[in-house]
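Written below as structure tokens is the structure these notes are about.
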Amino acid sequence: MIRRNHLAVLLVPLGIATSAPADSPPAFITRFDATLRNQPAQGRLLIFLLKDNAKVSPRQTPADGPFLDNPQPIYGLDIAHLAPDETCAVSRDAAGFPVPVDQLPEGRYRAQAVLDLNQTNSDWQREPGNLYSEVVSFTKSADEPFTVQLPLTKAVAHDEDAAAPGLEWFETDSKLLTDFRSRRVTLRAGVLFPEHYDAARRYAAVYLVPGFGGDHYVARMVQRMGQMSPYAGELRRHAFIITLDPESENGHTLFADSENNGPCGRALVEELIPALEQKYPLIPEASARIVTGHSSGGWSTVWLALQYPGTFAHAFAGAPDPLDFHAFQKINLYRQPNFYTDEQGNDLPSNERNGVVLMTIRQENLWEEARGPNNSSGQQWDSWQAVFGPRNARGHPAALFDPFTGVIDPKIVEHYRRYDVNHLLTENPDRFAPIFANNIRIIVGGADEWNLNAAVELVRENLANIGHPMNGSTSFGRITIVPDTTHGTVMMSPEYRTMGQQILEVLRQAGHAGP
């Protein structure tokens, strides 16, 4: 998860933990002062906990969750009207993970409250005006009620990031998405200029799609990485690196047109890219546009290449989200009746490393349910349901499965087929196989902890059977599975680190870069 720390701090009393009367239920009590916000608030009130022995960085606070390597408790409550100085208790009736408040195991915890007022982003820290508390430590003793005071004393400030030399922030309004969502929607990008920039020259563009939790501010990281970035070296002399913002109220949009997020792919291709090419000296040709990304950004990269071959001539995808829903991480959507368990009734892992299950699919989805009910959390699994599924009667992404039992709805599964890349390839090989062969390269770790390599392997097998082996020997297209590397460590592999050089070679062959 990528976090940014642009937070306004008010000097008000810190939260404290106290004993509760013997006949009162355990509770987290919160409120905010009129000096912080002078009008009533409405939103999702969240209590994040971190147990003292949690295996997380000491620099992280409870509200930095979710912690996918070591799941931690969370409690959520919808607030319709909370006036200044009015108190609100989060107690046994609140949605909770892994257990209700009154069943919290004994131990030492750190707690933090967040009132998410906006719910327009997967990260509450990127939403100006959201309220949050200090971190408060407390001890839960066996069979002893407790009350933890968590006054909301801070507010997320408006972002005022200054561009660094060679880096600009670009914005343009989207009519397509504004019309769809009935609110103003702005398309954003971080524009990293070529090294030794020549204003009289026209340049190619490498469009970078961040992974889940990332936005256009990832451009700063790309710039700071210097030679450690796959997009460094000679490539930086011949291309703009343009980082896109895939965020929405439902999390990562994958830049796919969908019933819940709207025409996100069209908005990119028909509105953002033309606006960028109008302002910057970019070559307005497909051969001069490269799309790349890792994880959710990797899926976006493959999807954009397949849907818009006239816009992007080549795509370089790393560890993409599931490309075949027979391997939706560990789930076979077309054969399994339950999203959480295998045929023997054993819970399926979501995050598994070296044979050790760090978090199950059930745990991750129950955490998201507490974060935001009805698939409204904006987190990873809910973001997929927003992209791949229809909209329900309440205006939320329709549930692919029951969040508590895991039972899959086969009617919703059918809707997912239209976003199953390998299914599209099977149904229309004449259209999609040549795009794979001529335009797309994919690399993934053979020990990906999210099992994303399994779907990539199915795509590779399908292409070979169709007559388009993705080995790079007879065509541009290539699928590389790097043994013994994970979702993250594959990026350090020699195969991955040559990506920038591969992109440069493509641009040179098209006449868009010097020798």
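The values are calculated or read from the model by the stated rules, or taken from the named source; none is laboratory data. These numbers come from a predicted model, not from an experiment. In this analysis, Cβ positions are derived from the backbone assuming ideal geometry, glycine residues included, and neighbour counts consider all displayed protein chains.
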Practice problem: Just need a number here: residues in the range 1-52 that are in a loop (DSSP other than H, G, I, E, B) and modelled with pLDDT of 90 or more. | Solution: 10
Quiz item: Is it the case that the range 447-457 has a residue that's on the phi < 0 side of the Ramachandran plot, loosely packed, with under 15 Cβ neighbours inside 10 Å and either part of a helix (DSSP H, G or I) or under 25 Å from the mean Cα position of the chain (by Cα) (or both)?
Solution: no
Self-check item: Test: Thr87 is crowded, with 16+ Cβ neighbours inside 10 Å and hydroxyl-bearing (Ser, Thr, Tyr)
Solution: no
Practice problem: Scan the range 463-488 for residues that are over 26 Å from the mean Cα position of the chain (by Cα) and surrounded by 20 or more Cβ atoms within 10 Å (Cβ to Cβ) and report the count. | Solution: 4
Exercise. Would you confirm whether any residue within the range 130-143 is within 29 Å of Ser248 (Cα to Cα), among the hydrophobic types (A, V, I, L, M, F, W, C) and more than 21 Å from the chain's Cα centre (by Cα)?
Key: yes
Quiz item: Can you name the number of the only condition in (1) at pLDDT below 95; (2) crowded, with 17+ Cβ neighbours inside 10 Å that Glu160 fails?
Solution: (2)
Exercise. Among residues belonging to the range 213-230 that are in contact with a helix residue (DSSP H, G or I) (Cβ under 8 Å, 6 or more places away or on another chain) and crowded, with 21+ Cβ neighbours inside 10 Å, point out the one that is farthest from Asp159 (Cα to Cα).
Key: Pro230
Quiz item: Since Ala305 meets every condition but one in (1) in contact with a helix residue (DSSP H, G or I) (Cβ under 9 Å, 6 or more places away or on another chain); (2) more than 22 Å from Asp257 (Cβ to Cβ), which condition does it not meet?
Solution: (2)
Quiz item: Counting just the residues of the range 484-507 that are free of Cβ contacts under 8 Å to residues at least 60 places away in the same chain and part of a helix (DSSP H, G or I), which one comes out farthest from Ala313 (Cα to Cα)?
Solution: Thr489
Quiz prompt | One residue from Ala163, Ala142 being out of contact with any Ser or Thr (no Cβ under 7 Å at 6 or more places or on another chain) and either among the aromatic types (Phe, Trp, Tyr) or over 14 Å from Ile242 (Cβ atoms) (or both) | solution = Ala142
Quiz item: For the range 163-180, how many residues meet the condition of being in a strand (DSSP E or B) and surrounded by fewer than 12 Cβ atoms within 10 Å (Cβ to Cβ)?
Solution: 0
Self-check item: Qualifying residues in the range 385-397 (those that are in contact with a strand residue (DSSP E or B) (Cβ under 6 Å, 6 or more places away or on another chain) and small (Gly, Ala, Ser)) - the one farthest from Glu343 (Cα to Cα)
Solution: Ala386
Quiz item: For the subset of the range 115-135 comprising residues that are in contact with a Pro (Cβ under 9 Å, 6 or more places away or on another chain) and modelled with pLDDT of 95 or more, which member is surrounded by the most Cβ atoms within 10 Å (Cβ to Cβ)?
Solution: Ser133
Quiz prompt | Pair list, Cβ under 7 Å, 6 or more apart: the range 355-384 residue closer than 17 Å to Gly406 by Cβ and touching a residue at least 24 places away in the same chain (Cβ under 8 Å), other residue of a type in the set (S, T, N, Q) and part of a helix (DSSP H, G or I) | solution = Asn375/Gln385
Exercise. For the range 52-60, indicate whether the set of residues that are of a type in the set (Lys, Arg) and in contact (Cβ under 8 Å) with a residue 24 or more places away in the chain is non-empty.
Key: no
Exercise. Using the structure shown, decide if Ile481 is more than 22 Å from Gln329 (Cβ to Cβ), in contact with a helix residue (DSSP H, G or I) (Cβ under 8 Å, 6 or more places away or on another chain) and outside any loop (DSSP other than H, G, I, E, B).
Key: no
Practice problem: Mind counting the residues in the range 326-354 that are touching a residue at least 60 places away in the same chain (Cβ under 8 Å) and charged (D, E, K, R)? | Solution: 3
Practice problem: Select from the range 185-219 the residues that are closer than 24 Å to Leu507 by Cα and basic (Lys, Arg) and write down the one among them that is farthest from the chain's Cα centre (by Cα). | Solution: Arg201
